[in-house]
Amino acid sequence: MSGHVAVLGAGSWGTAFAKILADAGREVAIWARRPPVAEAIRLRGRNPEYLPDLRLPHRVTATGDAVEAISGAEVVVLAVPSQTLRGNLAEWASHLEPDATLVSLMKGIELGTTKRMSEVIVETAKVAADRVVVVSGPNLAPEIAAGQPAATVVACTDIGRATLVQRAVTTPYFRPYTNDDVIGCELGGAVKNVIALAYGIATAMGFGDNTRAMLITRGLAETARLGVALGADPLTFAGLAGMGDLVGTCSSPLSRNRTFGEHLGRGETLEQAQVATRQTAEGVKSCLAIRDLARAHRVEMPITEQVERVCHEGVDPRLAVRALMSRTTKPE
Ligand SMILES: NC(=O)C1=CN([C@@H]2O[C@H](COP(=O)(O)OP(=O)(O)OC[C@H]3O[C@@H](n4cnc5c(N)ncnc54)[C@H](O)[C@@H]3O)[C@@H](O)[C@H]2O)C=CC1
Ligand SMILES: O=C(CO)COP(=O)(O)O
């Protein structure tokens, strides 16, 4: 790999991912939407708003001009919120290099279309699906920024391309595994955010580890049910992008989705929780899209249904718990 890597989006994960790429030996150009963020990264190697303790390697630079970042990049990493990706990429698509690899870091499903992020990329950038690589796993950005050991999955239908990206992000603290199950990896990442909301709600309601283990296990069951209906490999859900990410996110106080759920579980409204949490909690919007996707495929996702009701229909979490616990009993 010779050209530089562009990272479009300078939030928590885009910034931490730029560090990984640089530590793996790549030259990296980050695009930041807000000029002061681009300036802080370029001049001081810092992104104080998102990862204040991180000193970025010298191989990382930043710009407020996405076209400047994209030009000449053979790998373009997309790290913006799931619901803005389509609009962002529409502006950037004509500037992509002809064979650039597009890497998706996003963990969400698009509202309205119920599309996965790789599908949005294929449609918007008009590229073949085998040029899109998905990176997903238990990767809380602040821990990775601190250089703590972590693993991830690099998924692409073209294993050769997945292997190229795998090499580009292998460092002593970051261990990527390849996989060709793009659907499973993307669903694992998107649905775990919804289950982490439920976990946060339950935690704030004072429930202990039986309840929380139930949510993780049954949450994984409904994720796998949807995944299989969409053509995913069920084994993916036992891996890093499935169980790994679900357990990592639910158990971590660093998770924005879990934290958002805790606000709801304390009885706050959606608006109050939004004011209290600044960064992207993808599950809040994706729960609607995932619920719609599940209904369209006649898949039961009871936890997702209840999270959607608490988030968007103002349902009291206590009623949501009652609804879940009074469902008809059945074989596991
Ligand atoms: N933070 C983490 O630990 C991880 C996050 N992810 C995923 O990565 C994706 C990006 O998340 P984060 O970087 O964590 O989010 P963030 O909230 O930290 O940052 C989002 C970035 O997108 C920018 N942004 C906001 N609105 C925008 C718009 N309309 N157009 C363009 N850019 C806009 C923000 O300025 C910011 O730079 C999400 O899908 C998230 O689920 C995946 C793994 C780990
Ligand atoms: O995806 C993540 C860890 O793998 C980050 O989770 P949150 O978006 O909930 O912080």
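Length gained on full extension, residue 296 to residue 210: 27.8 nm, using 0.36 nm per residue less the C-alpha separation.
Rounded to the nearest angstrom and listed largest first, the equivalent-ellipsoid semi-axes of the chain from its Cα gyration tensor are 33, 21, 18. If you look at the Cα atoms of segment 64-123, you get an Rg and a Dmax of 11.3, 34 Å.
Between residue 27 and 5, the built amide H atoms are under 5 Å apart, and every one of these is 5 or more places off in sequence or on another chain.
Dimensions of segment 277-326 based on its C-alpha atoms, expressed as ranges along the principal axes with the largest first, amount to 35, 28, 14 Å. On the chain, 52 percent of the accessible area sits on carbon and sulfur atoms, based on a 1.4 Å probe. Amide H to amide H distances under 5 Å link residue 151 with 175, where only residues 5 or more positions off or on other chains count and H is placed in the peptide plane. Rg and Dmax of segment 1-150, based on Cα coordinates, read 14.4, 41 Å. Restricting attention to the chain, lysine pairs at least eight places apart or on different chains and with alpha-carbon atoms under 19 angstrom apart total 7.
Reported value for segment 32-72: 65 Å³ per residue, from the convex hull of its C-alpha atoms.
Peptides 59-72, 284-297 ranked from most to least packed give 284-297, 59-72, packing being the mean of other C-beta atoms within 10 angstrom over each peptide's residues.
If the Kirkwood radius is taken over C-alpha pairs of segment 186-234, then at 25 °C and 0.890 mPa s the Stokes-Einstein diffusion coefficient equals 219 µm²/s. Here the alpha carbons of segment 244-332 define both size measures, Rg and Dmax, at 13.7, 42 Å.
Selection among 281, 62, 324 by position relative to the dipole of the chain gives 324 as farthest towards the positive end (Cβ unit charges, Cα centre).
With protein chains left intact and a 1.4 Å probe, residues in the chain average 42 Å² of accessible area per residue.
Helical content of the chain, expressed as a calculated mean residue ellipticity at 222 nm, amounts to -14500 deg cm²/dmol (DSSP H runs of 4 or more residues, -39,500 (n - 2.57) each, divided by residue number, nearest 500). Using the Cβ of residue 105 as centre and a radius below 12 Å, the other residues enclosed give a net charge of -1, where K and R count +1 and D and E count -1. Derived from the Cα gyration tensor, the three semi-axes of the equivalent ellipsoid of segment 183-325 are 22, 16, 14 Å, largest first.
The values are calculated or read from the model by the stated rules, or taken from the named source; none is laboratory data. Computed from a predicted model, the values in this text were never measured in an experiment. When we count neighbours, we look across all protein chains shown, and the Cβ atoms used for this are built from the backbone with ideal geometry, even at glycine. The area values use the complete protein model at the heavy-atom level, side chains included, leaving out ligands, DNA and RNA. Shrake-Rupley method; radii C 1.70, N 1.55, O 1.52, S 1.80 Å.
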